[in-house]
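Enquirer: Next up is a structure, given as structure tokens.
The values are calculated or read from the model by the stated rules, or taken from the named source; none is laboratory data. Keep in mind that this is a model prediction, so the values were computed, not measured. Cβ sites come from the backbone with ideal geometry, for glycine too, and all protein chains shown count toward neighbours. To get the accessible areas, we keep the full protein, side chains included, count just its heavy atoms, and leave off ligands, DNA and RNA. Shrake-Rupley method; radii C 1.70, N 1.55, O 1.52, S 1.80 Å.
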Amino acid sequence: MAGDATSIAAADTLKPPSTRKGVVGWVRANLFNGVFNSILTLVTLWMLYKLVPPLVRWAFIDSAWHTGGAACHKVSGACWSVVTQNFRFIIFGFFPYDMQWRPLVAMLILFALLFFSQNRKYWNRFLLYAWIAGLFAMGLLMKGGLFGLAPVDSTQWGGLPLTLLLSVFGLTAAYPLGVILALGRQSQMSGLRTLCILYIELIRGVPLISLLFMASIIFPLFLPEGVTINKILRAQVAIILFTAAYIAEVVRGGLQGMARGQYEAAESLGLNYYLTMRLIILPQALKIVIPPTVSILISAFKDTSLVAIIALFDLLKTSQSVLSNPEWMGFSPEVYVFIAVIYFLGCFSMSNYSRKLERELSTEEY
Amino acid sequence: MNEKAVQPSEDPDTDEIMIQMIDMHKWFGEFHVLQGINLTVRKKERIVICGPSGSGKSTLIRCINRLEVHQRGKIIVNGIELTNNIRNIEKIRAEVGMVFQHFNLFPHLTILENLTLGPVWVRKTPKKEAEETAMYFLEKVHIAEQAQKYPGQLSGGQQQRVAIARSLCMAPRVMLFDEPTSALDPEMIKEVLDVMIDLAREGMTMIVVTHEMGFAKSVAHRVLFMDYGQIVEENTPQAFFENPQHERTKLFLSQILH
Ligand SMILES: Nc1ncnc2c1ncn2[C@@H]1O[C@H](COP(=O)(O)OP(=O)(O)OP(=O)(O)O)[C@@H](O)[C@H]1O
Ligand SMILES: [Mg+2]
């Protein structure tokens, strides 16, 4: 008996074996464990040695930052001047130069709203009001025509504000539409179901570019004379319709993953279809599909750059027109690196946020 | 369990009819699962249904709150006939509690939220009041201290007791149990059965599909034996276990009682 007691006490105080081995231990365990990994590590190191120093040299040491185009051609490194000298055009496009504070303020409002919206602590009625007020303010700033703000035609909108407009509203509208389409596709009503399937399959069978062409060139032909619909709006609708179809398919996967028992438990409490979906099924199904949904949102965000094809001056198009200026011709790597960084920040924060959301939602449950 | 036995003197003394099935048939495609069920359940009556796997026990009780749709005959619950009228179905579902074999708690909601969901959204009970009721029933199933946890953090027996409390929060007139203990480890079966026995003592109308024969003996007013979609035999527990009439019943009892 006494022996038993001591052995239990010993087991109680037993600590898990230490896994910390110091730097050398870490290197050995992670980089040189086995022949294959050692070779891989050496090859990687050699490639880094070959690549990184010249890159640093090009980007930072031999580069020009605030020169004119002619001076730039003389340096051997990167010509960041093409970005710095044309910064305001790349960012704001043809928005009247001395009024460019307006899109700037609009973007700041948008960033503030997004910042607060990403924290679920703030998801309440006030945030909704803030969005409504914010949308109104942003619209006013961009469009003008009220409170002494000079009107600016939407054909003059461009650059980053346009890209943000197309993507933020494209994605926020496409998501609920996609969810509704997914529910429709699961519906008991065969007419509705067929319609949703038809829609989803049709849209998914067509590239976004052709949808954009249709929206910008073919669609206006069907409008009665004198009626015109804003070109940006048409592109926006095309992006929404396109993205929604993809979201619908992902959400459908989540819905199919739900156990029959969840529907039955909800129904046997007397919940109707709408409440069952809203309170029981969608919260679980949408959570399961956060990763693929965010993939779609990310690619939709990047796909907004396709509007350049129908001559909307989004971020990509403004950069390209800088490059067509003879003074700055030939500096496309620099400009595209800059654009890539902006797109990367957008995509990276989306995927970061999705990981955070997943983590929060899963620690809640277990 | 004997000391907890519900006294036969508590037999329902009313003739008020809670559930009535008249020549009820159901098919799954070509398969005739329920073949002419006639059953009357009075208020406060407790019925145990047993029978071999696949005999249609689950399907039968699932027809009562229309988780399954019957194709012929009538089902009348609490005076309302079950038809395609979705309003009536929702009304009946709110009055009929259902406990499943696999609990079916909502994993994304806390225990407390699981319990208040129905009252708040279906009965439109104020949230505060619903929470008080929920805590009352959680006390009753001896699990109040788990109110803020999520279902995934509870043992099977605890989850099933929560599921029972969730149904009770709707103040149902009938409780349906579909093999409530058969997914549980042996040591948890008793805690769930005890809760059900308490419920019986308070006069709840209950239909229980189970193979817990001890429970049937001490709680049921009537035991039904089903086979091939029919009610083969129906009797008081005593007569049912001591003097089964049909060969199939005898065979079944010999199999489950060893
Ligand atoms: N949704 C369904 N579609 C087709 N057949 C079904 C369906 N549900 C049940 N069945 C069949 O109906 C029969 C009766 O099923 P039911 O679940 O009612 O049996 P049970 O008596 O509850 O059996 P168990 O003791 O295994 O739970 C079984 O043969 C089953 O395979
Ligand atoms: Mg069953």
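Enquirer: For chain A, calculate the relative contact order in percent as a whole number, restricting contacts to Cα pairs under 8 Å that are 6 or more residues apart. Don't jump to the answer; show the numbers that get you there.
Expert: Values: 339 pairs, mean separation 63.3, N = 366.
Relative CO of chain A lands at 17 percent.
Enquirer: Among the lysines, which have Cα under 27 Å from the Cα of A:LYS50 when same-chain residues fewer than 8 positions away are ignored?
Expert: Partners found: A:LYS74.
Enquirer: If each DSSP helix of 4+ residues adds -39,500 (n - 2.57) and the sum is divided by the residues in chain B, what number results at 222 nm, nearest 500 deg cm²/dmol?
Expert: Rounded to the nearest 500, the figure is -11000 deg cm²/dmol.
Enquirer: Follow-up. Please name which of A:ILE247, B:GLN245, A:SER216 has its Cα lying farthest along the dipole of the protein assembly as shown towards the positive end, using unit charges on Cβ (Lys, Arg +1; Asp, Glu -1) and the Cα centre as origin.
Expert: A:SER216
Enquirer: For chain A, what does the helix formula give at 222 nm: sum of -39500 (n - 2.57) over DSSP H segments with n ≥ 4, over the residue count, nearest 500 deg cm²/dmol?
Expert: Values: 18 runs with 236 residues, N = 366.
So the calculated ellipticity at 222 nm is -20500 deg cm²/dmol.
Enquirer: Kindly point out which whole DSSP H helices in chain A project their C-alpha atoms 15 angstrom or further along the helix axis while averaging a Kyte-Doolittle hydropathy of -1.0 or above. Kindly include the intermediate steps, with their values, before the conclusion.
Expert: Numbers: long enough: A:2-13 (17 Å, 0.32); A:35-56 (31 Å, 1.54); A:101-117 (24 Å, 1.99); A:125-143 (27 Å, 1.42); A:170-185 (22 Å, 1.25); A:190-204 (21 Å, 1.03); A:231-256 (38 Å, 1.06); A:290-303 (19 Å, 0.94); A:332-365 (49 Å, 0.09).
TM-like helix candidates: A:2-13, A:35-56, A:101-117, A:125-143, A:170-185, A:190-204, A:231-256, A:290-303, A:332-365.
Enquirer: Additional query: Just to confirm the number: angle between the C-alpha axis of helix B:127-140 and the first principal axis of chain B, 0 to 90 degrees, nearest 10?
Expert: 60 degrees
Enquirer: OK, next. Could you tell me how many degrees, from 0 to 90 and to the nearest 10, lie between the Cα long axis of helix B:111-121 and the main elongation axis, the longest principal axis, of the Cα atoms of chain B?
Expert: 80 degrees
Enquirer: Something else: Give the ranking of A:ASP153, B:ASP194 by solvent-accessible surface, highest area first, calculated with a 1.4 Å probe. Don't skip to the end; give the middle numbers.
Expert: Details: A:ASP153 85, B:ASP194 30 Å².
Heavy-atom accessible area, descending, gives A:ASP153, B:ASP194.
Enquirer: Give the percent of DSSP beta bridges with both residues in the protein assembly as shown that are antiparallel, rounded to the nearest 5.
Expert: On the way: 21 of 40 bridges.
Beta bridges within the protein assembly as shown, antiparallel portion: roughly 50 percent.
Enquirer: Using the Kirkwood formula on the Cα atoms of region A:158-224, what hydrodynamic radius do you get, in angstrom to one decimal? Mind showing how you got there, number by number?
Expert: Values: mean 1/r = 0.0711 Å⁻¹.
For region A:158-224, the Kirkwood estimate is 14.1 Å.
Enquirer: Related question: With every protein chain left in place and a probe of 1.4 Å, what is the accessible surface of A:THR67, to the nearest 10 Å²?
Expert: 50 Å²
Enquirer: Mind checking the dipole of region A:83-365: about its Cα centre, +1 per Lys or Arg Cβ, -1 per Asp or Glu Cβ, Debye to the nearest 20? Intermediate values should be presented prior to the final figure.
Expert: On the way: 20 positive and 15 negative charges, 82 e Å.
Dipole size: approximately 400 debye.
Enquirer: So, one more: Nearest 100 Å², what total accessible surface is buried between chain A and chain B (probe 1.4 Å)?
Expert: Values: alone 22050 and 12370 Å², together 32380 Å².
Chain pair A/B: roughly 2000 Å² of buried accessible area.
Enquirer: While we're here: Counting only protein heavy atoms, probe 1.4 Å: which residues of region B:113-151 lose 10 Å² or more of accessible surface in the full assembly compared with their chain by itself?
Expert: Buried by 10 Å² or more upon assembly, which counts only protein chains, are B:LEU117, B:GLY118, B:TRP121, B:VAL122, B:TYR150.
Enquirer: Also, I was wondering about something else. How many angstrom lie between the Cα centre of region A:211-234 and the Cα centre of region A:325-366?
Expert: So the separation of the two Cα centres works out to 31 Å.
Enquirer: Sorting A:ARG102, A:ARG355 by accessible area (1.4 Å probe), largest first, what list results?
Expert: Numbers: A:ARG102 5, A:ARG355 120 Å².
These residues rank, largest area first, as A:ARG355, A:ARG102.
Enquirer: Specify the inter-centroid distance of region A:70-107 and region B:185-227, based on alpha-carbon positions, in whole Å.
Expert: After rounding, the separation between the Cα centres reads 78 Å.
Enquirer: I've got another one for you. Among A:VAL237, A:PHE147, A:PHE136, whose Cα projects farthest towards the positive end of the dipole of region A:133-254, with charges put on the beta-carbon of Lys, Arg (+1) and Asp, Glu (-1)?
Expert: Of the options given, the answer is A:VAL237.
Enquirer: With the Cα gyration tensor of region A:157-197 giving a ≥ b ≥ c as the square roots of its eigenvalues, does the rule (a/c under 1.5 for rounded; else a/b larger than b/c for prolate; else oblate) give rounded, prolate or oblate? Don't jump to the answer; show the numbers that get you there.
Expert: Details: a/c = 7.09, a/b = 4.00, b/c = 1.78.
Cα axes put region A:157-197 in the prolate bin.
Enquirer: How far, in degrees from 0 to 90, does helix B:186-201 lean away from the longest principal axis of the Cα atoms of chain B, to the nearest 10?
Expert: Rounded to the nearest ten degrees, it is 90.
Enquirer: Then there is this: Quick check: from the Cα gyration tensor, does chain A come out rounded (a/c under 1.5), prolate or oblate?
Expert: Working: a/c = 2.08, a/b = 1.14, b/c = 1.82.
Since a/c reaches 1.5 but b/c is at least a/b, the shape of chain A is classed as oblate.
Enquirer: With all protein chains present and a 1.4 Å probe, how do B:HIS211, B:HIS70 order by accessible area, largest first?
Expert: Values: B:HIS211 75, B:HIS70 20 Å².
Correct descending sequence by accessible area is B:HIS211, B:HIS70.
Enquirer: Here's another thing I want to ask about it. Which residue, B:VAL120, B:PHE137, B:GLN158, has the largest displacement toward the positive end of the dipole of chain B when charges sit on each Cβ (Lys, Arg +1; Asp, Glu -1)?
Expert: B:VAL120
Enquirer: What are the principal axis extents of the Cα atoms in the protein assembly as shown, in Å, biggest first?
Expert: Result for the protein assembly as shown: principal-axis Cα extents of 108, 84, 47 Å.
Enquirer: Suppose a student asked you for the relative contact order of chain B, using Cα pairs under 8 Å spaced at least 6 residues apart; what percent would you report? Working shown, then result.
Expert: On the way: 457 pairs, mean separation 66.8, N = 258.
Answer for chain B is 26 percent.
Enquirer: Let me ask another. Mind checking the dipole of the protein assembly as shown: about its Cα centre, +1 per Lys or Arg Cβ, -1 per Asp or Glu Cβ, Debye to the nearest 20?
Expert: 1920 debye
Enquirer: At 1.4 Å probe size, what's the solvent-accessible area of A:TYR49? Round to the nearest 10 Å².
Expert: Roughly 150 Å² of A:TYR49 is accessible to a 1.4 Å probe.
Enquirer: A follow-up question, please. Filter the GluC sites (Glu not before Pro) in region B:82-185 down to the DSSP loop ones having no more than 10 other Cβ atoms within 10 Å, then list what survives.
Expert: Working: sites: B:GLU90, B:GLU95, B:GLU113, B:GLU129, B:GLU131, B:GLU132, B:GLU139, B:GLU145; in loops: none.
Here no loop site has a sparse enough neighbourhood.
Enquirer: Per residue, how many Å² of accessible area does the protein assembly as shown show with a 1.4 Å probe?
Expert: 52 Å²
Enquirer: Now, a different point. Where the Cα atoms of region A:158-315 are projected onto their three principal axes, how long is each span, largest first, in whole Å?
Expert: Here the Cα extents, ordered largest to smallest, are 54, 33, 24 Å.
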